[in-house]
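One structure is given here, and the rest of the page talks about it.
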Amino acid sequence: MISKTENKQNPIDIIKLSLRNNIRQYTMFIALISIMIIFSLLSDVFLTPRNLSTLFLQTAHIAVLACGVVLVIVAGHIDLSIGAVVGLTGAIAAILPARYGIGLVPSILITLAVGALIGLWQGYWVAYRAVPAFIVTLAGKLIFEGMIIGVTKGATTATSASFNKIGQGYFPTLFFESTPRDMIPHDTTVIIWALVIAAYLWLEFNRRKERIKYDFEILPKSLFVVKLSLVILLISVVFSIMAFYLGMPYSIMILMVIGGFYTFLTTQTTFGRHVYAIGGSKEAAKLSGINIKSRTLWIFISSGILGAIGGIIFTARVGSAAASGGMGMELDVIAAAIIGGTSTLGGEGTIVGAIIGALVMSTLNNGMLLLDVGTTQRLIVRGLVLLIAVWVDIVSRKKNA
Amino acid sequence: MSEYILEMQNIVKEFPGVKALDNVNFKVKKGEIHALVGENGAGKSTLMKVLSGVYPYGTYEGKILINGKEQRYANTNDSEAAGVGIIYQELTLVKQMNICENIFLGSEHNKLGIIDWNKAMSETQRLLNEVGLTSTPDTKIINLGIGRQQMVEIAKALSKNVNILILDEPTAALNEDDSENLLNIIKKLKEEGISCIYISHKLKEVKSIADTITIIRDGKTIETFSNDEEVNQNRIITGMVGREITQLFPRKPHTPGDVVLEVKNWTVYNPEVPDKKAIDNISFQARKGEILGIAGLMGSGRTELMMSIFGAYGINKSGEIYIEDQKTDVKEPRDAIERGLCYLSEDRKKTGLVLMMDVKENITLSSLKTISTIVGINENEEIKATNYYVDALKIKTPSIEQKTRNLSGGNQQKVVIAKWLMAAPKILILDEPTRGIDVGAKYEIYSIMNDLVEQGVSIIMISSELPEVLGMSDRILVMHEGRFTAELDWQGTSQEDVMHYATGGNLTTS
């Protein structure tokens with residue numbers, strides 16, 4: 001079974017196997033690309049760096065929030081309070097500087113702490129008082145919505161220009177000034193681009209080296225090169241879009257860091273493994289010695305903190321906090337996670353999938369806006385997409401079983 | 001009319017890449033009990049799914065004749081109409097509904113959609129009398145023991161006027177009493193002219209009840225013979241596995257060492273009935289390098305005793321647990337695991353495995369600490385550890401990334417065993433370790449147990465199968481109603497002895 005040499009299987013077979021094992025992620029990815037191709041055919045504007053950069057900005061907060069809700073749903077719970085948490089933390093982040101003159105950094109830290117406290121509160125009820133998460137977070141939604149009105153006093157609070165950069169701003173250039181119209185790429189973005197590729201290569205080569213050390217089979221060189229090239233191509237497409245517009249937005253940087261961290265958390269840590277086990281079978285997890293209560297508490301704390309981060313990004317993008325901020329956002333977030341392959345029954349789901357799911361939803365929204373499709377139709381289409389995505393998932397699961 | 005009520009001729013059923021049934025011929029006479037035996041995966045269940053219309057006409061080759069007439073079912077309703085009833089291993093009753101509602105579920109006596117409850121109730125009462133069940137028709141299923149639920153299933157099948165009743169491992173979850181009861185009912189049904197197809201791994205039952213035995217192996221009919229005096233268990237087993245098994249249990253001499261687990265005055269209350277003692281003042285010891293068998297009927301508290309020691313059951317617990325002479329306070333399973341006490345649960349699918357996780361993730365689930373560093377789980381160490389256990393326990397899986405739900409029962413059980421071995425237990429409690437597993441895999445699990453004992457692990461084995469208890473244990477503790485009624489040495493103890501104490505017997509102090 002184990003050989004020192006490269007995997008002797010036919011490369012085609014390896015690809016087939018990998019396709020079959022990750023069919024969900026690939027389908028979602030292909031769906032996203034197809035949607036993008038359709039919109040680019042229907043609208044000249046869609047594929048411009050300007051529009052795509054806007055699209056990224058529109059997606060950032062939803063994708064960040066989706067990372068947190070993936071953990072929640074994978075563990076077999078739900079979080080209906082996300083929108084209210086976004087609204088409340090956004091309002092706090094706006095009001096602390098505006099009303100109390102607290103500096104940018106301290107007010108962000110306080111906001112994150114509030115997010116953590118909210119998570120602690122909800123996690124306590126779910127984990128230690130055994131109230132279903134559906135109820136706890138529904139109650140939470142009402143409580144936090146009430147608090148928003150209390151905090152904002154019903155008024156809209158504008159946020160400062162420096163704060164707004166978190167949601168709207170781009171990294172400054174280091175050496176060369178560049179504008180969207182010239183063909184000079186944004187230098188800072190290019191440097192980050194290069195660093196990301198270098199980090200990716202380092203990870204892959206290190207992994208390969210380790211596997212050789214353990215005497216495990218490795219991908220044949222040809223396939224390895226193909227895989228690296230494809231991933232680098234993908235990274236490059238995303239970065240070139242940003243580099244030839246205004247550069248990398250701060251919010252996308254935040255998303256990349258959080259996405260990376262949560263991918264690590266879910267795939268490489270004991271905590272992540274336990275979350276999947278709890279969602280897969282609570283009883284088996286308990287009998288395997290997993291501390292379900294503490295894990296659950298931390299899942300909600302994570303969701304609360306990400307709620308606060310989402311709240312900050314969202315408020316900064318809008319440029320103000322209002323009593324209606326974040327209303328209904330939980331549904332977009334949950335939809336993103338589920339479209340991205342997170343099982344509503346728990347136990348399955350990936351961070352990458354959720355981010356792609358968030359992109360699918362905002363691409364649909366963005367594209368239809370460009371085509372002047374009305375709100376009525378946009379909501380209907382997005383609803384149907386969610387429905388069909390879950391149906392496709394169920395059908396493909398039956399086939400696999 | 002022919003003497004056969006059912007003839008299945010040259011049945012071939014293919015799945016992508018596998019020929020599950022290869023030219024199977026199977027004939028059942030009127031009013032006989034026909035046992036269908038074979039190892040797991042031999043094709044028994046597939047054959048029954050063909051017969052009951054789960055696989056409709058056209059998805060298989062061959063002919064099904066009932067009373068000489070060819071049948072072409074499009075679905076299970078057609079087979080029911082033809083008088084074929086099937087009772088699956090996993091019961092299919094709606095727990096929140098009562099007996100009457102369950103029996104007529106989907107075929108309610110109604111006029112324009114309004115149910116005639118009086119008729120349904122009296123009809124239910126008649127059926128319950130027939131199967132000898134004393135519960136009233138309005139009893140909720142949730143309040144019935146598993147044995148009684150099985151009776152309700154049979155009553156439900158009878159309500160559909162079956163001529164052929166298929167029972168798939170009906171006694172797998174039943175205790176000896178309920179099994180006995182069930183077998184009697186099957187005999188009674190036979191007298192009324194109903195033919196039974198009886199699938200079971202319990203060869204003793206097969207031997208005692210069947211008129212005819214058909215053995216299938218690898219999707220082929222091996223032989224059909226009538227169950228006369230010359231037939232014995234070894235004869236059947238030989239047919240099933242196609243090789244001679246001279247010794248069912250690989251008994252090896254063990255040399256028990258120091259006491260590793262001591263339980264003193266252990267009392268536990270039932271969380272569902274808080275004033276009822278599930279375990280009543282039990283004390284015992286388990287030694288290094290021995291297999292301690294726990295026998296008893298279902299409901300005697302065997303599982304509750306071990307689960308409560310493991311920290312996964314019970315309220316108002318009192319008493320003391322000593323692991324290697326150290327008093328241990330077990331609040332949660334993880335406390336027990338940390339002290340080297342592991343428990344393999346009786347239901348591997350629900351509580352043993354995370355079915356949607358793969359082989360590797362299940363095996364390492366309780367020992368992630370040992371393969372993690374500060375930067376998370378070391379993937380390669382995980383693969384290495386998994387490969388080690390897959391080899392050592394001969395787990396048959398196409399890859400360690402295979403989801404455990406796709407493995408056979410025996411291999412699933414080995415994965416759970418591997419999980420606990422990796423946690424390096426000093427005391428390993430095995431609750432029904434070979435339930436629903438084929439003969440070959442059973443033997444392998446027994447061998448693993450012997451190896452562990454040799455390495456100094458203390459094994460406590462709960463088993464409903466008396467031959468297994470007697471064949472593997474060094475000492476046997478017999479439970480009845482939350483207490484120990486006897487401590488027996490395996491030598492010189494007969495199944496009847498164990499049964500005697502399990503049903504109450506004399507309270508002997510040992």
Structure shown: which of A:16/A:286; B:29/B:350; B:160/B:207; B:369/B:394; A:398/B:19 lie over 31 Å apart, alpha-carbon to alpha-carbon? A:16/A:286; B:29/B:350
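Only helices at least 20 Å long along their axis, Cα-based, and averaging -0.5 or more on Kyte-Doolittle count here, so list those DSSP H runs from chain A.
Numbers: long enough: A:23-42 (28 Å, 1.90); A:49-74 (35 Å, 1.57); A:82-100 (26 Å, 1.54); A:104-128 (35 Å, 1.53); A:133-152 (27 Å, 1.76); A:187-213 (39 Å, 0.23); A:221-243 (32 Å, 2.25); A:250-268 (26 Å, 1.31); A:292-318 (38 Å, 1.23); A:351-370 (28 Å, 1.74); A:375-400 (38 Å, 0.62).
Span-like helices here: A:23-42, A:49-74, A:82-100, A:104-128, A:133-152, A:187-213, A:221-243, A:250-268, A:292-318, A:351-370, A:375-400.
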For residue B:287, other-chain or 5+-apart residues with amide H closer than 5 Å (H placed, Pro excluded) are B:260
Enumerate by residue number the trypsin sites (Lys or Arg not before Pro) in the range A:70-169 meeting two conditions: DSSP loop (anything except H, G, I, E, B), and at most 13 other Cβ atoms within 10 Å of the site's Cβ. A:129, A:153
Assigned charges on the beta-carbon of Lys, Arg, Asp, Glu; the range B:4-243 dipole about Cα centre (debye): 340 debye
What are the aspartates and glutamates whose alpha-carbon lies under 12 Å from the alpha-carbon of residue B:202, with same-chain residues fewer than 8 places away excluded? B:39, B:168, B:169, B:176, B:438, B:465, B:468
Can you compute the FRET efficiency between residue A:194 and residue B:455 using 1/(1 + (r/R0)^6), with r the Cβ-Cβ distance and R0 = 51 Å? Round to the nearest 0.05. 0.40
Restricting the calculation to Cα positions, tell me the Rg (one decimal) and the Dmax (whole number) of the protein assembly as shown in Å. 32.0, 98
How large is the charge dipole for chain A, taken about the Cα centre, if only the Cβ atoms of Lys, Arg (+1) and Asp, Glu (-1) carry charge, to the nearest 20 debye? 900 debye
Using a 10 angstrom cutoff on alpha carbons, build the Gaussian network for chain A and name the most mobile of A:53, A:81, A:107. A:107
In debye, nearest 20: dipole of the range A:176-248 around its Cα centre with unit charges on the Cβ of K, R (+) and D, E (-)? 360 debye
Helix-only CD estimate at 222 nm, as mean residue ellipticity for chain B, using -39500 (n - 2.57) per DSSP H run (n ≥ 4): -9000 deg cm²/dmol
Can you compute the FRET efficiency between residue A:202 and residue A:16 using 1/(1 + (r/R0)^6), with r the Cβ-Cβ distance and R0 = 30 Å? Round to the nearest 0.05. 0.55
Average beta-carbon neighbours from other chains, 10 Å sphere, peptide B:383-389: 2
Would you work out which of B:373, B:201, B:134 lies farthest towards the positive end of the dipole of chain B, given +1 charges on the beta-carbon of Lys and Arg and -1 on that of Asp and Glu, about the Cα centre? B:373
Most exposed first by the Cβ proxy, i.e. fewest other Cβ within 10 Å, how do A:186, A:61 rank? A:186, A:61
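Can you compute the helix-only [θ] at 222 nm over chain A? Use -39500 (n - 2.57) per DSSP H run of at least 4 residues, normalise by all residues, nearest 500 deg cm²/dmol. Don't skip to the end; give the middle numbers.
On the way: 16 runs with 299 residues, N = 401.
Per the formula, -25500 deg cm²/dmol.
Identify the trypsin sites (Lys or Arg not before Pro) of the range B:54-116 meeting these criteria: DSSP loop state and at most 12 other C-beta atoms within 10 Å of the C-beta. Could the numbers behind the result be given before it?
Values: sites: B:63, B:69, B:72, B:95, B:111; in loops: B:72, B:95.
Counting only loop positions with at most 12 other Cβ atoms within 10 Å, the trypsin sites (Lys or Arg not before Pro) in the range B:54-116 are B:72, B:95.
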Quick check: the distance between the Cα centres of the range A:306-359 and the range A:129-168, to the nearest angstrom? 14 Å
For the range A:176-248, build the charge dipole from Cβ charges (+1 Lys, Arg; -1 Asp, Glu) around the Cα centre, then report which of A:194, A:236, A:226 sits farthest towards its positive end. A:226
Of all the stretches in chain A, which is the longest one without any exposed loop site, taking chymotrypsin sites (Phe, Trp or Tyr not before Pro) in a DSSP loop (any state but H, G, I, E, B) with at most 13 other Cβ atoms within 10 Å? A:177-401
Can you give me the long-range amide H partners of residue B:485? Hydrogens built in the peptide plane at 1.01 Å from N, cutoff under 5 Å, separation of 5 or more residues or another chain. B:478, B:479, B:480
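Please report the orientation-averaged projected area of the range B:358-510, defined via the convex hull of its C-alpha atoms, in nm².
Orientation-averaged projected area of the Cα hull: 10.8 nm².
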Using the eigenvalues of the Cα gyration tensor, what equivalent ellipsoid semi-axes result for the range B:110-185 when each is taken as the square root of five times the eigenvalue, whole Å, largest first? 24, 14, 11
Inter-chain Cβ neighbour average for residues A:263-272, partner chain, 10 Å: 3
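For the range A:176-248, compute the orientation-averaged projected area of the C-alpha convex hull (one quarter of its surface), in nm².
Working: hull surface 21.2 nm².
Mean shadow area of the hull around the Cα atoms is 5.3 nm².
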Out of every Cα-Cα pair in chain B, what percent are more than 41 Å apart? 26 percent
Name the trypsin sites (Lys or Arg not before Pro) in the range B:301-382 that are in a loop by DSSP and that have at most 16 other C-beta atoms within 10 Å, would you? B:331
In the range B:349-424, with Lys and Arg counted as +1 and Asp and Glu as -1 at Cβ, which of these residues, B:409, B:353, B:385, has the Cα nearest the positive end of the dipole, that is, farthest along it? B:409
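What average count of beta carbons from other chains do you get within 10 Å of the Cβ of residues in B:374-381?
On the way: counts 0, 3, 9, 6, 3, 7, 7, 2.
That average works out to 5.
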Which residue fluctuates the most in chain A, going by a Gaussian network model with Cα springs under 10 Å, if the choices are A:93, A:161, A:389? A:161
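When the Cα atoms of the range B:272-391 are enclosed in a convex hull and the volume is divided per residue, what value in Å³ results? It would help to have the intermediate numbers written out before the result.
Values: hull volume 20.0 nm³, N = 120.
Residue-normalised Cα hull volume stands at 167 Å³.
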Taking each pair of distinct Cα atoms in chain A once, what is the resulting Kirkwood hydrodynamic radius in Å? 22.5 Å
Could you identify which residue out of A:272, A:150, A:340 has the top mean-square fluctuation in a GNM of chain A using Cα springs shorter than 10 Å? A:150
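No lab work stands behind these numbers, since they all come straight from the coordinates. Since the structure is predicted, the reported quantities are computational estimates derived from the model, not experimental observations. Glycine gets a Cβ as well: all are built from the backbone with ideal geometry, and neighbour counts include every protein chain shown.
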